[in-house]
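Colleague: Okay, here's the structure, questions in a sec.
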Amino acid sequence: MSIVRVQHIGIAVEDMHAACERFEKLFGLKCQDFRDDQGGGVQYDARILLGNECWLHVVQNWNPESRVFKFLEARGEGLEHIALETDDIQADVQRLRDVGVPIFQDKIFDAQDGFEAFVYAEHNSGVTVELIQPHAKSWAYPEGAGPVSSQMGLIRLQHIGVVVEDLKAACERFEKLFGLTCQDFRDDQGGGMQYDARILLGNECWLHVVQNWNPESRVFKFLQRSGQGLEHIALQTESIEADVQHLRDTGVPVYQDKVFDAPDGFEAFVYPDQTPGLTVELIQPHPASWSYPID
């Protein structure tokens, strides 16, 4: 495969403008590039820059035949897909055909945002993956973009949390389909009731792939409620204590009202009942944290 990086994460919402207002109020994350002419005129969308050449693609769609609408009807608001940028989409799609993986409509679309092809969630451990190769009309990450947040110390997307039923099978699937290899396997997390690993995505962020069997955990409850899929985004910050105090000052509950000193960093969580359907983890690395490997 020719994967360069994760370009964006798609989130399905019921009301784009309300979702954008919520992201800005909670985290100082501002929507931009609003459009009302996508999806054959039955979609509103915008994007939120996340700091390392990727963005959150916020989508409201009311076409009952569309992928996004069907996701919203089945699962409610939340993270719907990841878009992996490639520099050779023709070769990547041919590889998928060669290993017998169905591509939506068996074609590459010349779309507004680039040349696109889709592998749906049922063929990839619950995660819809869009392969995208930009063209002249595509959104690009703006040069000289300012700080990620107007209110907090957020600097970039660090990782995307993926909940799976079987870690080994999910890792094998990602490697077979996209040439993305799991690494840093652990079997000692979550009080001994979790397996996890990560898949590097090229622009200083990764997929955190998690199998958890603790019925009281956030991850297990997500799996029981929604099935396998994209469960949270982790935003790296330079000032987690100040950020959590900002949330308290604006009346936003943080899980257990605390910052956790965890193996992966200092962490705090805002749960989906406060956001447009997703958990947002704030994370400030410490010396024991995973970091992005330097070649």
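Colleague: Would you please list the contacts, defined by Cβ atoms under 6 Å and residues six or more apart or on different chains, that run from a residue in the stretch 199-222 that is of a type in the set (S, T, N, Q) to a residue that is in a strand (DSSP E or B)?
Modeller: Asn203/Arg5; Gln211/Tyr195; Asn212/Gln194
Colleague: Those residues that are open to solvent by 40 Å² or more (accessible area, probe 1.4 Å) and either within 30 Å of Cys171 (Cβ to Cβ) or in contact with a Phe, Trp or Tyr (Cβ under 9 Å, 6 or more places away or on another chain) (or both), I need them from the stretch 235-245; list them, please.
Modeller: Glu241
Colleague: Additional query: Residues that are touching a His at 6+ places or on another chain (Cβ under 9 Å) and closer than 22 Å to Gln158 by Cα, at least 2 per element: which strands (runs of 3 or more DSSP E) completely within the stretch 1-91 meet that?
Modeller: Of the strands (runs of 3 or more DSSP E) lying wholly inside the stretch 1-91, those with at least 2 residues that are touching a His at 6+ places or on another chain (Cβ under 9 Å) and closer than 22 Å to Gln158 by Cα span 3-12, 43-49, 55-61, 78-86.
Colleague: Filtering the stretch 46-74 down to residues that are small (Gly, Ala, Ser) and under 27 Å from Ser226 (Cα atoms), which residue is surrounded by the most Cβ atoms within 10 Å (Cβ to Cβ)?
Modeller: Here the answer is Ala46.
Colleague: From Thr86, Thr128, grab the single residue that is polar (S, T, N, Q), at pLDDT 95 or above and under 16 Å from the mean Cα position of the chain (by Cα).
Modeller: Thr128
Colleague: For the stretch 123-234, give me every one of the strands (runs of 3 or more DSSP E) that falls completely inside it and has 2 or more residues that are open to solvent by less than 50 Å² (accessible area, probe 1.4 Å) and in contact with a helix residue (DSSP H, G or I) (Cβ under 8 Å, 6 or more places away or on another chain).
Modeller: 128-133, 154-163, 194-200, 206-212
Colleague: Can you tell me which residue in the stretch 75-122 is nearest to Gln228 (Cα to Cα), limited to those that are of a type in the set (S, T, N, Q) and open to solvent by 50 Å² or more (accessible area, probe 1.4 Å)?
Modeller: Looking at residues that are of a type in the set (S, T, N, Q) and open to solvent by 50 Å² or more (accessible area, probe 1.4 Å), I get Gln105.
Colleague: Just checking, does the stretch 234-245 include any residue being hydroxyl-bearing (Ser, Thr, Tyr) and within 24 Å of Val164 (Cβ to Cβ)?
Modeller: No, the conditions are met nowhere in the stretch 234-245.
Colleague: Give the stretch 263-295 a look and list any residue that's hydrophobic (A, V, I, L, M, F, W, C) and either over 19 Å from Phe27 (Cα atoms) or surrounded by fewer than 15 Cβ atoms within 10 Å (Cβ to Cβ) (or both), or say none.
Modeller: Those that are hydrophobic (A, V, I, L, M, F, W, C) and either over 19 Å from Phe27 (Cα atoms) or surrounded by fewer than 15 Cβ atoms within 10 Å (Cβ to Cβ) (or both): Ala288, Trp290, Ile294.
Colleague: Now for a different question. Of all residues in the stretch 21-45, which are farther than 20 Å from Thr237 by Cα and either buried (at least 22 other Cβ atoms within 10 Å of the Cβ) or in contact with a Ser or Thr (Cβ under 8 Å, 6 or more places away or on another chain) (or both)?
Modeller: Hits for the stretch 21-45 are Gly39, Val42, Gln43, Asp45.
Colleague: Given the structure, is Phe260 open to solvent by 40 Å² or more (accessible area, probe 1.4 Å) and in contact with a His (Cβ under 7 Å, 6 or more places away or on another chain)?
Modeller: no
Colleague: State the number of residues belonging to the stretch 111-157 that are of a type in the set (Ser, Thr, Tyr) and farther than 15 Å from His8 by Cβ.
Modeller: The total comes to 4.
Colleague: Right, another one. Got a number for residues in the stretch 183-204 being more than 27 Å from Glu238 (Cα to Cα) and touching a Leu at 6+ places or on another chain (Cβ under 8 Å)?
Modeller: 1
Colleague: Something else now. Taking the conditions exactly as written (in a helix (DSSP H, G or I) and modelled with pLDDT of 95 or more), does Leu96 satisfy them or not?
Modeller: Yes; evaluated as a whole, the condition is true for this residue.
Colleague: Going through the stretch 242-264 one residue at a time, which ones are among the hydroxyl-bearing types (Ser, Thr, Tyr) and within 24 Å of the chain's Cα centre (by Cα)?
Modeller: Tyr255 - this is the single residue of the stretch 242-264 that is among the hydroxyl-bearing types (Ser, Thr, Tyr) and within 24 Å of the chain's Cα centre (by Cα).
The values are calculated or read from the model by the stated rules, or taken from the named source; none is laboratory data. Everything numeric here is computed off the predicted structure, so don't read it as measured data. Positions of Cβ are backbone-derived with ideal geometry, glycine not excepted, and every protein chain shown enters the neighbour counts. Calculation scope for accessible area: heavy atoms of the full protein, side chains included, ligands and nucleic acids excluded. Shrake-Rupley method; radii C 1.70, N 1.55, O 1.52, S 1.80 Å.
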